[in-house]
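This report concerns only the one structure given below.
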Amino acid sequence: MTIAALKAANSIDVDAAAGSWLSLSKQAWQAVNDIHANGVDPLKENWKDKVGEAAGRKLQEQAQILEAGADIMRGVVMILDGLSAGITRAKLTLNSALDMARQYGLTVDETTATVHGSGGAAASNDNAVQEVNAMLQEALREAAQADKLASAELRKLAAATCETDPHKALDQLQREASQTELSMYTGGIPSGQDPRLVADWWKALTDNQHKQLMLSDPVTLANLPGIPDDVKVGLRGGPNAKYDRVKTVQWALEHWNDTTIDVFDDNCTNFASEALRQGGVHAKWDQWWGWRGDDTWGRSDDAGGDWLDQRLDYSKSWAGAQNMHDFMMRHGGQEVPPGEVKPGDIVYYEEDSDQDSQDKKGVVHHTAVVTAVTPDGDIRYTQHSGGQQNASMGGRIDSFQEQRGHQKLHFVRVNPDWY
């Protein structure tokens with residue numbers, strides 16, 4: 001990666017490409033839904049002989065091909081979004097380094113990326129030269145890592161264009177692309193070995209870039225030397241926060257597949273409650289009824305054992321999605337629109353159709369922890385049942401709804417009012 005190559009890189013073109021691929025993915029999913037609504041389902045209902053069954057299977061095969069393609073294309077969108085963000089941030093870092101050089105009266109050889117003193121000779125021991133050189137190398141590093149990750153993942157997705165298995169397309173190909181996108185954001189953050197470099201890098205970014213980074217990787221930033229203290233406080237929820245949002249996110253990311261925390265058959269809400277507990281949310285219990293009270297939230301430190309022990313050791317709101325949602329909303333919780341969601345919020349799934357055989361329409365049946373929001377607004381969630389780490393809400397919701405029916409998503413900002 002050279003300075004000239006970075007200057008020539010155009011994130012606007014990458015954004016346009018991402019938009020085109022996203023449109024194609026949405027069209028493919030619309031076709032899937034149309035085939036089911038206007039083909040497969042009517043055939044099952046009205047054409048029940050072998051000919052109808054054969055026609056239904058053929059249409060189902062076509063729907064699966066389109067579904068696999070839609071999910072792979074969504075993976076392409078993720079990588080292009082990550083590349084665009086990487087280019088933009090690297091160019092901001094580069095421009096800041098070049099501005100800094102001019103302010104110090106230094107010159108930069110853009111062919112070799114060498115910084116020279118006012119006399120024209122390289123002065124590697126000069127503090128100003130070192131500072132400018134560190135920023136230049138950081139800009140080139142950011143751009144190179146984004147380019148490397150994006151090119152490798154795009155080649156992998158291009159090689160899978162004939163994949164027709166929707167499960168592999170979603171749970172392997174798109175999932176890997178999703179994780180690569182997040183790695184591109186994390187990889188664009190300095191290591192922290194030089195706090196002065198981190199401070200200069202942060203200062204070079206725009207307010208919007210600050211916001212994007214705080215949403216996409218709060219854990220790294222909150223623990224990075226050189227990031228302003230007020231930013232770190234904000235990441236954790238602010239000076240008057242009732243719990244540490246970063247600790248909640250970090251615990252969820254580290255324990256998404258930890259079966260030692262399992263107590264119930266379905267542990268999605270148990271997991272979300274434990275993440276909040278690890279973040280510092282205080283228990284609420286009844287002095288007479290303990291955890292059995294209807295207006296309690298929490299669990300005993302030695303919780304476990306058989307069914308009776310569980311009923312004594314856990315509140316109703318601890319592991320039941322509907323009960324937890326209702327409790328948090330009664331006690332200070334606020335539902336926020338998707339555009340305002342932050343890491344550390346909780347997402348609840350409400351059944352919004354009569355399609356699902358397990359839950360009736362209007363029932364809140366699933367809970368997950370919001371652990372990131374990417375620059376394009378894609379909400380990432382981490383859950384324990386059907387374990388997912390930083391999974392893409394936008395990339396997975398269509399498949400989820402195809403299986404379970406239409407969902408209402410409730411994003412809740414927990415704000416305990418009992419302490």
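The values are calculated or read from the model by the stated rules, or taken from the named source; none is laboratory data. Being a predicted model, the structure only gives us computed values, none of them experimental. So basically every Cβ, Gly included, is an ideal-geometry build from the backbone, and we count neighbours across all protein chains shown.
Yes or no, residue by residue, for (1) of a type in the set (D, E, K, R); (2) modelled with pLDDT under 95; (3) within 17 Å of L276 (Cα to Cα):
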site: Q310; (1), (2), (3): no, yes, no
site: S315; (1), (2), (3): no, yes, yes
site: A319; (1), (2), (3): no, yes, yes
site: Q322; (1), (2), (3): no, no, yes
site: F327; (1), (2), (3): no, no, yes
site: R330; (1), (2), (3): yes, no, yes
site: Q334; (1), (2), (3): no, no, yes
site: D345; (1), (2), (3): yes, no, yes
site: Y348; (1), (2), (3): no, no, yes
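If G188 satisfies all but one of (1) buried (at least 19 other Cβ atoms within 10 Å of the Cβ); (2) modelled with pLDDT of 95 or more; (3) closer than 13 Å to G86 by Cβ; (4) not acidic (D, E), what's the number of the condition it fails?
Exception for G188: condition (2).
So in the range 1-43, with the set limited to residues that are part of a helix (DSSP H, G or I) and among the hydroxyl-bearing types (S, T, Y), which one is nearest to D109 (Cα to Cα)?
S11
Picking from I35, I72, I12, I65, which residue would you name as being in contact with a helix residue (DSSP H, G or I) (Cβ under 9 Å, 6 or more places away or on another chain) and either loosely packed, with under 15 Cβ neighbours inside 10 Å or not β-branched (V, I, T) (or both)?
Answer to the selection: I12.
So, L224, is that one out of contact with any Asp or Glu (no Cβ under 9 Å at 6 or more places or on another chain), at pLDDT 95 or above and in a loop (DSSP other than H, G, I, E, B) or not?
yes
Identify, by number, the condition in (1) surrounded by fewer than 21 Cβ atoms within 10 Å (Cβ to Cβ); (2) free of Cβ contacts under 8 Å to residues at least 60 places away in the same chain; (3) at negative phi that A319 doesn't meet.
Failed condition: (1).
Exactly one of (1) at pLDDT 95 or above; (2) touching a strand residue (DSSP E or B) at 6+ places or on another chain (Cβ under 6 Å) is unmet by V115. Its number?
Here V115 meets the rest and fails (1).
Could you tell me whether any residue of the range 190-208 is within 17 Å of the chain's Cα centre (by Cα) and touching a residue at least 40 places away in the same chain (Cβ under 8 Å)?
Looking for residues that are within 17 Å of the chain's Cα centre (by Cα) and touching a residue at least 40 places away in the same chain (Cβ under 8 Å), one finds none in the range 190-208, hence no.
In this structure, is L94 out of contact with any Cys (no Cβ under 9 Å at 6 or more places or on another chain), crowded, with 17+ Cβ neighbours inside 10 Å and either modelled with pLDDT of 95 or more or within 16 Å of K203 (Cα to Cα) (or both)?
Spelling it out, L94 is indeed out of contact with any Cys (no Cβ under 9 Å at 6 or more places or on another chain), crowded, with 17+ Cβ neighbours inside 10 Å and either modelled with pLDDT of 95 or more or within 16 Å of K203 (Cα to Cα) (or both).
Results for (1) out of contact with any helix residue (DSSP H, G or I) (no Cβ under 8 Å at 6 or more places or on another chain); (2) assigned to a loop (DSSP other than H, G, I, E, B); (3) crowded, with 20+ Cβ neighbours inside 10 Å, shown as yes or no for each residue.
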site	(1), (2), (3)
V347	no, no, yes
D354	yes, yes, no
S357	yes, yes, no
G377	no, yes, no
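Go over the candidates A177, A160 one by one and state the one that is assigned to a helix (DSSP H, G or I) and either out of contact with any strand residue (DSSP E or B) (no Cβ under 6 Å at 6 or more places or on another chain) or more than 30 Å from Q60 (Cα to Cα) (or both).
Every option except A177 fails the conditions.
For the range 238-261, name all the residues that are farther than 17 Å from A391 by Cβ and of a type in the set (G, A, S).
G238, A241
With the requirement that a residue be more than 30 Å from A113 (Cβ to Cβ) and either loosely packed, with under 15 Cβ neighbours inside 10 Å or of a type in the set (K, R) (or both), what does the range 140-159 give you?
Passing the criteria: K156, A158, A159.
Any idea which of (1) surrounded by 15 or more Cβ atoms within 10 Å (Cβ to Cβ); (2) assigned by TED's automatic domain parsing to the domain that holds M78; (3) of a type in the set (S, T, N, Q) is the one N127 doesn't satisfy?
The single condition N127 does not satisfy is (1).
How many residues are without any contact (Cβ under 8 Å) to a residue 24 or more places away in the chain and farther than 16 Å from A321 by Cβ if we restrict to the range 263-282?
1
From the residues in the range 14-53 that are in contact (Cβ under 8 Å) with a residue 40 or more places away in the chain and aromatic (F, W, Y), which one is nearest to D376 (Cα to Cα)?
Per the criteria, the residue is W21.
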